[in-house]
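I have placed the structure first, in the form of structure tokens, so that the comments after it can refer back to it.
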Amino acid sequence: MITEILGLLTPGGRRFLVFSIAGFVLYALTGVAMSLLVLKILLDVTGGSASGLPTLWGLLFLCLLVKGGANILADLQKHYAGFDVVLQLRRRIVRRLKTFSLGFYTNERLGEIGVIIHKDVDNMEMVVGHIWTRMVADFIVSILLIVPLFLLDPIMGALMLSTLPAALLLLGTELGKGRRIEEENGDLLANMVSLFVEYVKGIPLLRAFSGNRFLDDELAESARGVGLCSERASRYRAGMLARYAFLLDMAFLVMAIGGIVRVWTGALPVLSYLIFVLVGREFYKPFGAMETHWLNYLKVTDSYARIKSLLDAPVVKEPVRPRTPRCFDVSFDHVSFSYERDGFAMRDISFTVPERTMTALVGESGSGKTTAIHLLLRFWDVAAGAIRIGGVDIRDMSYDELLGSVSIVMQNVQLFADSIEGNIRIGKDGATRDEVIEAARRARIHDFIMSLPEGYATPVGENGVGLSGGQKQRISIARAFLKDAPILLLDEMTSNVDPINEALIQEAVSELAVDRTVLVVAHHLSTVRSADQILAFRGGSIVQAGTHESLLEDADGYYSALWRKAEIRK
Ligand SMILES: Nc1ncnc2c1ncn2[C@@H]1O[C@H](COP(=O)(O)OP(=O)(O)OP(=O)(O)O)[C@@H](O)[C@H]1O
Ligand SMILES: [Mg+2]
């Protein structure tokens, strides 16, 4: 973990780290120097030699200034180093988030990702900013002190260390248990946050069913679990730290009493004894701080494990030698697929969408239409068979190239917390204002945008609150116009849209479909009528294919049944 985190630091971050360690060493050493100076002044005053006193006072004051300065420097630099690692980690995570295969983003993960980005990454500041700087500096100081102390009196040196190994052994052996408790605590917390996210997302719905206690009990139980585990962790920590502190105090006591005995017997000068008592306190300080480092270390290893699990999650595999298709017909060749935790399975799907033609996918809810579209986008990879664009397996195309050749208008349009203009511009990075307006015009949404008080600058909040489904879909169509990709994937809205919106969407889609290879999940008669080919999906398989008229000829066929059940709206 340590080398991996060090590797994340920028050169500037490493410099901060080194300066901070140096600052803390200076801080501690000037503290020791001050104690010794006070001792010297005391001896001089009691010994009657006052000539060197002004210099000693001057030195004492200087030490005070240096100590203060070193402290400020070290403290600032340690935070800079900590923030550097946090920033690098967040950047890396954000870069990774885009490359994960979509199977990763299940609902419960959202809360977990939130905890990782917010809490776990912040915890990493502790490793760099607090543990490394303080701990390394403390131990440098301890070594710098123990050597001259041993030279001064080896027996006292040995007494000073007496119970120290036992204390350290205790910390070492308890590490595993402490880590398990932290892990459990972290997992429970992530689970609770996930539940909260789900709960908050569903509040409008839950309120509509006011008597419903769905999730309430689960959430309360989860919060109770987190509380209990935190309590247990606190009890464990308190017990553990008390034992450790006791062993440390014992070491000091052994040295203090042993020293008195040696002074008594005349084996040790009083001055040496005083030096041991004064400097000994400084020597023990890092070991006293070890308990805090130990606690931080536990927290941090757990957090790092979660960050690693995020960074190591499966990503979309890129081909070694990417191939570029020359044309844009789309074919599914004996494709099979199933979701990990769902009974749904897509079996042996084969069809071809010739270039610049439209194919409509129809079928009842849950028959696998959206899944087929998602497979083409490699949100998931097929289990068997292949999907090809212009004869090239989509797994052999670079992912950017694949996504670059496809425009998508989804069932549920995602709008970002930005202006309408910003939301349309997602279709093409760096598009000019005129291009955005032209795309909106063609998507039949320009007039509506202009009717808003702030026009294109109108903010559409998180999830585009304030716009109807039809309006959102037209914004999404404007994005597709702007992107101008050769393949168009369209998932028509299942919900009923008002007739005016409906007509506008139809017009816009017809214009968008011209000269493109189109796969549309269709729910409307006008769409299926204009399709060159209709594929009827049922339970993950294609049961019929043809044009609207030819399919209706088979009165007992599945398509005719769909038609009668009004799955296709007139
Ligand atoms: N992310 C997922 N994880 C597990 N199962 C899923 C996932 N997405 C869809 N499914 C399941 O796969 C099946 C097909 O879903 P799909 O969304 O492809 O249906 P659809 O034909 O588009 O339906 P609709 O007309 O309602 O949009 C359903 O049973 C659904 O529950
Ligand atoms: Mg669907």
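The values are calculated or read from the model by the stated rules, or taken from the named source; none is laboratory data. Nothing here was measured: the structure is a model prediction, and the numbers come from that model. Glycine gets a Cβ as well: all are built from the backbone with ideal geometry, and neighbour counts include every protein chain shown. Heads up: the accessible areas ignore ligands, DNA and RNA and are worked out on the full protein's heavy atoms, side chains in. Shrake-Rupley method; radii C 1.70, N 1.55, O 1.52, S 1.80 Å.
Details
- Cβ separations smaller than 6 Å between residues 6+ apart or across chains give the following pairs from the stretch 505-524 residues that are without any contact (Cβ under 8 Å) to a residue 40 or more places away in the chain to residues that are surrounded by fewer than 24 Cβ atoms within 10 Å (Cβ to Cβ) and assigned to a helix (DSSP H, G or I): Gln506/Ser526.
- Residue count for the stretch 515-529 satisfying the condition of being part of a helix (DSSP H, G or I) and not hydrophobic (A, V, I, L, M, F, W, C): 3.
- Positions within the stretch 399-427 being over 30 Å from Val362 (Cα atoms) and in contact (Cβ under 8 Å) with a residue 24 or more places away in the chain, in sequence order: Ala417, Asp418, Ser419, Ile420, Glu421, Arg425
- With respect to the conditions (1) in contact with a His (Cβ under 8 Å, 6 or more places away or on another chain); (2) assigned by TED's automatic domain parsing to the domain that holds Arg134; (3) at pLDDT 90 or above, Ile349 falls short on a single one, namely (2).
- Taking first residues from the stretch 2-20 that are at pLDDT below 85 and partners that are among the hydrophobic types (A, V, I, L, M, F, W, C), the Cβ contacts under 7 Å between residues at least 6 apart in sequence or on separate chains come to Ile5/Val85; Ile5/Met124; Ile5/Val127; Ile5/Val128; Leu8/Val85; Leu8/Leu89.
- Residue count, the stretch 204-219 (criterion: in a helix (DSSP H, G or I) and open to solvent by less than 60 Å² (accessible area, probe 1.4 Å)): 3
- Counted residues, the stretch 348-401 - those being within 15 Å of ligand 2 (Cβ to nearest atom), open to solvent by 40 Å² or more (accessible area, probe 1.4 Å) and more than 26 Å from Lys98 (Cα to Cα): 3
- Taking the criterion of being assigned to a loop (DSSP other than H, G, I, E, B), open to solvent by less than 40 Å² (accessible area, probe 1.4 Å) and within 28 Å of Glu355 (Cβ to Cβ), the residues of the stretch 473-514 that qualify are Ala485, Glu492, Met493.
- Count of the stretch 350-372 residues which are within 16 Å of ligand 1 (Cβ to nearest atom) and either farther than 17 Å from Ala545 by Cβ or basic (Lys, Arg) (or both): 5
- Inspection of the stretch 178-201 finds no residue satisfying the criterion of being outside any helix (DSSP H, G or I), surrounded by 11 or more Cβ atoms within 10 Å (Cβ to Cβ) and on the phi < 0 side of the Ramachandran plot.
- Test result for Ala431, surrounded by 20 or more Cβ atoms within 10 Å (Cβ to Cβ), out of contact with any Pro (no Cβ under 7 Å at 6 or more places or on another chain), touching a residue at least 40 places away in the same chain (Cβ under 8 Å) and under 14 Å from Lys483 (Cβ atoms): no
- Residues that are closer than 20 Å to Leu512 by Cβ and at pLDDT 95 or above, drawn from the stretch 386-405: Ile389
- Helices (runs of 4 or more DSSP H) enclosed by the stretch 37-132 - at least 1 residues per element that are β-branched (Val, Ile, Thr) and exposed (fewer than 14 other Cβ atoms within 10 Å of the Cβ): 53-97
- Ile437 vs. criteria more than 16 Å from ligand 2 (Cβ to nearest atom) and touching a helix residue (DSSP H, G or I) at 6+ places or on another chain (Cβ under 9 Å): yes
- Single residue of Leu247, Leu175, Leu171 found to be part of a helix (DSSP H, G or I), buried (at least 17 other Cβ atoms within 10 Å of the Cβ) and at pLDDT below 85: Leu171
- Restricting the stretch 294-307 to residues that are touching a Lys or Arg at 6+ places or on another chain (Cβ under 8 Å) and surrounded by 20 or more Cβ atoms within 10 Å (Cβ to Cβ), the residue that is farthest from Glu174 (Cα to Cα): Ser303
- Any hit, the stretch 322-344, residues being within 16 Å of ligand 1 (Cβ to nearest atom), open to solvent by less than 30 Å² (accessible area, probe 1.4 Å) and within 25 Å of Met493 (Cα to Cα): yes
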